[in-house]
Amino acid sequence: MGYDLYVITDETVGGGRSHAELARRAVAGGADVIQLRDKRLPGRDLLDAASAIREVTYDAGALFIVNDRLDVALAAGADGVHLGESDLPIRHARRIAPPGFIIGASVGSVAAAVRAGLEGADYVALSPTFSTTSKDDAGEGHGLAVLSAIRAAVSVPLIAIGGINAGNVADVIAAGADGVAVISAVVGVDDVTAAARDLRARIAATKRGC
């Protein structure tokens, strides 16, 4: 299973559609990975949302990742967890997680990416690659030069997140990303399935030409 198109659900950006509904539409368009990200929901409600997405992704053969909350990811039977630089350290999460459990990490520099790989991250995500309004805590975009430098420094899969859309996804893949993580470019449009399908096709076409 690859990380080509990694869709992050967001009920606000998604116009009030539920996490599970956004996930269902995204995997119908070819999303390889769904991440549940919701910093507002209390733990019990987040677990309910995670359990619903788990059913959707299981049926579609897609990976399911929970943002931040290792406990919720494990309780829902998710495939993995995505950790920010201020979350539970990767090495500690790895001690708790079962064999085969995916741990992804947000990074903002080459040094952070190398460190995450050494600590046991299964993939790293440059966040944000470009400036974005989908995550109000994201900060300034790091750019394609940093993305390419990380690609040269680590062997684990590299995901780009932040400000990625149909207009720049080819440049991101050409710069060395194995896949892209998106919020508004897919869940923020009326036809989630069509948007996912279009991005997936652009990624595949760029990889064929590289």
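The values are calculated or read from the model by the stated rules, or taken from the named source; none is laboratory data. From a predicted model like this one, the values you see are computed outputs, not experimental measurements. All Cβ positions, even for glycine, are placed from backbone atoms using ideal geometry, and neighbour counts span all protein chains on display.
Assorted remarks:
- Ala75 in a helix (DSSP H, G or I) and under 14 Å from Ile8 (Cα atoms): no
- Those residues of the range 19-41 which are small (Gly, Ala, Ser) and touching a strand residue (DSSP E or B) at 6+ places or on another chain (Cβ under 6 Å), in sequence order: Ala23, Ala26, Ala31
- Residue within the range 43-65 that is within 27 Å of Glu140 (Cβ to Cβ), out of contact with any Pro (no Cβ under 7 Å at 6 or more places or on another chain) and crowded, with 20+ Cβ neighbours inside 10 Å present: yes
- Evaluation of Asp136 against (1) in a loop (DSSP other than H, G, I, E, B); (2) modelled with pLDDT of 95 or more (one fails), failing number: (2)
- Any helices (runs of 4 or more DSSP H) falling wholly within the range 157-210 and containing at least 2 residues that are touching a residue at least 40 places away in the same chain (Cβ under 8 Å) and among the small types (Gly, Ala, Ser): 192-209
- Selected residue (criterion: surrounded by the fewest Cβ atoms within 10 Å (Cβ to Cβ)) from residues of the range 88-112 that are over 30 Å from Leu144 (Cβ atoms) and of a type in the set (A, V, I, L, M): Ile96
- Residue match in the range 96-108 (condition: over 19 Å from Arg37 (Cβ atoms), touching a residue at least 40 places away in the same chain (Cβ under 8 Å) and in a loop (DSSP other than H, G, I, E, B)): no
- Per-region count, the range 35-50, residues outside any loop (DSSP other than H, G, I, E, B) and either more than 18 Å from the chain's Cα centre (by Cα) or closer than 9 Å to His19 by Cα (or both): 8
- You will find that of Ala160, Ala152, Ala166, the residue that is modelled with pLDDT of 95 or more, surrounded by fewer than 16 Cβ atoms within 10 Å (Cβ to Cβ) and under 21 Å from Ala112 (Cα atoms) is Ala152 and no other.
- Qualifying residues in the range 51-72 (those that are charged (D, E, K, R) and part of a loop (DSSP other than H, G, I, E, B)) - the one farthest from Val7 (Cα to Cα): Arg69
- Among residues of the range 113-127, those that are farther than 22 Å from Ala145 by Cβ and surrounded by fewer than 18 Cβ atoms within 10 Å (Cβ to Cβ), counted: 3
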